[in-house]
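The block underneath contains the structure these notes are about, expressed in structure tokens.
Values in this text are rule-based calculations from the coordinates and carry no lab data. Values in this document were obtained by computation on a predicted structure and should not be read as measured data. As a convention, Cβ positions derive from the backbone with ideal geometry for all residues, glycine included, and neighbour counts pool all protein chains shown.
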């Protein structure tokens, strides 16, 4: 964590890490829900959104959380109770596990994992299990259909996501997320280091594929067949109510925030501003105040990316399941493979 | 003009057939899914029992009747003005349009005609109710596909039309304005200017929806080639309105029959489409809203002065006889077969509602489609529960 | 067999409808029992019940490709009155009003089939009627129109549950609207309207005053 003058004992550091992790997940989730789901969606639909709870409706999420928490815990009779209760926990836990490798500053990180990218992509797949389990254990045909659709879709879109990231790894030369940030911010484009070298400039195809795959992994429209409100009522979430639904809800938006964090680390330069602006030579030369500004920069970049995800979500109709699968297998995967090939060739050649 | 090539159509059918063969060979157990009666997709309490094989429908059968109110029995114990109040509620989105065929049938039996001004205003309100009804369809189309934003625009712009109807008749949803021999009242002052402004707004709305929804590639891939209904099947089942014209049949009751309404005094175009798929049905309704705004504009300019009611006795007794009148309602062809025995009320009224025939084709058209396509096809056929169940 | 004209002054000629009737008579012969025509307005044809499907096929062959609707009529006046009079008042028995009188094109039975088909090219429609004789046990049956017009499926189901008419050749004659165990046939006149029995209608109420006939506010700005 932050290296400040006083010695924090190990248990203190761990406590700060846990609190920081919880904050790093819930704060983006809350901001995304208020800014985009409540306000941006409402303005796009020529209405105001929640205005009553708190100034301009800012406390609406707290009110909703309170509402969900005090609801009755209903479990369908035929549902497999243990698994049914476990499913939202799996989804939420995977999000918390995902955020630990994201760096927020030169020293403001939870763990400096040398195979951070690999870990992030692996953990991102764990939530798929949670969704499948939710769909199957609900003893409801709609949920079953939603779960089966989710199985096909989420696994299909894992591959483009992984392959898109490989291009970044080739360019950065490391799987360590902190190193990727440093490589972007201390790099230069054709000798000009005015904006560093965010990988989105050369990996724009990869960026696009990654964002589309993220949209699908979050089961957001246009890829929300597993939920498909007009057909399956709520898909795999149909039978969930009260705080279990709250976990799915928070998980959906928290995962959106965390994936946006990862996307901004991989493609947009992460917590950094170009080192050349302050004359820093390497990671050790970065000033301590970046540990405070870094999270703010990350938040901004995350909000921009999530804004785009939500904007698409509110405008587009949804794909049909087979069209979705065709898009993943016939378009995105070949494209991302081509991207890797081109990146590798150029990296070796140039 | 069709966008769907022979090859594409054949390959879609072949893909479905191949899937069906594979499923039969694997002998996977089918699943029976109840869509409705409480469901976000159905416009009301329609229940569709679908037997699925994976994501494909083996057969699907709508089970109507959850909203059956017994209209034909109720009309037998009511006087003619009371029946008018009742039948407003059959198609509750474009409700002035429900009254018109019945009133025209009663006037045919009484051998009277409403004065020209009344006919004119009837036509204006008829077209306004068409705009109100179909603009909601356009918004609702987005929701069925997953696009949640167009519906709010539809509701916002529909409010203007409902305000107009309320200004003239006193009721947003159930005007109950038509009377045998004319209308209840004349138009209020300033209504015509207001209508001009609202028609401009509605045309903007149509352009917006066309951009946002119809121009979207995902929407097109969800609706093109889905639920193709050939023309002779459509005629056999009695499909009407935009559904029939989308299959290429050039049949519009406003143009093809002469009723005492003001349609012969305006110029309008009847839109048809050769494809017969869901895209065609949706697209034609969009064009019809635009056309309706143009009709209203023309009618406003040529509104004749005069009374709005002919001389009718205070207590109306319709002479003995039978009459059938049907009009091009927003949902399709709606008609009333009125049998009178010279009493205060009708002896029997057979209500021919458009959605009943439109939905009767679903068992035929839903064979072999995917589950999301059920929603698409039903949305494009467009029904109102009150119209199916009366 | 009689043709009835309603026009008194100059006889209006309707060649299209005359031609339709002539062709029908040529196809069906004696099966066409009665014809009623309001020239330039509408056409009613009554056929024998045995030729119900044949009449449909003949019309279809003529070009009547659009199926409008299919239903039935119960011509018996309701024994419960018309529901508009004060039930506490004594009503005299009116033998004329309580006899069964069929409408246009006449008939012999209490129940009649009613169907309408349209020709979308010639812009003309025909209303078809047929008597429904009752068998010894009171049931009625007639051929189904499904082989001719596929859309008749639902209409026949509804007519079956509302009037109790069974259709020969219908693949799946079950209730359309009513629950499966419903007893009785609601649209028959001797089936009472429960709402009127539960709470009798208090009598006709005063209607709103008609707009004045010398209304010169017809001008809108």
Residue order, fewest to most beta carbons within 10 Å, for A:128, A:265, C:198, A:168: C:198, A:128, A:168, A:265
Got a sec? How would A:121, B:93 order by Cβ neighbour count within 10 Å, fewest to most? A:121, B:93
Kindly provide the helix-only [θ] at 222 nm of chain A, computed as the sum of -39,500 (n - 2.57) over DSSP H runs of four or more divided by all residues, to the nearest 500 deg cm²/dmol? -20000 deg cm²/dmol
What are the equivalent ellipsoid semi-axes of the protein assembly as shown, built from the alpha-carbon gyration tensor (square roots of five times its eigenvalues), in whole angstrom, biggest first? 65, 30, 26
Evaluate the distance, in nm, between pseudo-label points positioned 7 Å from the Cα of residue B:32 and of residue C:15 along their respective Cα→Cβ axes. 5.9
Binned Cα-Cα distances of the stretch B:71-360, short to long, each 10 Å bin given as a whole percent: 7, 29, 35, 22, 7, 1
Is it possible to state the helix-based mean residue ellipticity at 222 nm for chain B, with each DSSP H run of 4+ residues giving -39500 (n - 2.57), the sum divided by total residues, to the nearest 500 deg cm²/dmol? What is it? -15000 deg cm²/dmol
Angle between the Cα long axis of helix A:290-315 and the longest principal axis of chain A, 0 to 90 degrees, nearest 10? 40
Per-residue Cβ neighbour rank within 10 angstrom, fewest leading, A:73, C:131: A:73, C:131
Under the rule a/c < 1.5 gives rounded, and otherwise a/b versus b/c splits prolate from oblate, where does the stretch B:51-198 land using the Cα gyration tensor? oblate
Is the C-alpha gyration tensor of the stretch A:253-350 telling us rounded, prolate or oblate? Criteria: a/c under 1.5 is rounded; beyond that, a/b larger than b/c is prolate, otherwise oblate. oblate
Other chains near B:148-157: what is the mean number of their Cβ atoms within 10 Å of each residue's Cβ? 4
On the formula 1/(1 + (r/R0)^6), with r taken between the Cβ atoms of residue C:108 and residue B:59 and R0 of 56 Å, the FRET efficiency rounded to 0.05 is 0.85
Yeah, the stretch A:1-143 with a ≥ b ≥ c from its alpha-carbon gyration tensor (a/c under 1.5 is rounded, else prolate when a/b outruns b/c, oblate otherwise) is oblate
Give me the Kirkwood hydrodynamic radius of the stretch A:165-262 in Å, from all C-alpha pairs, to one decimal place? 15.9
Alpha-carbon spread of the stretch A:10-349, three principal axes, descending order, Å: 64, 46, 46
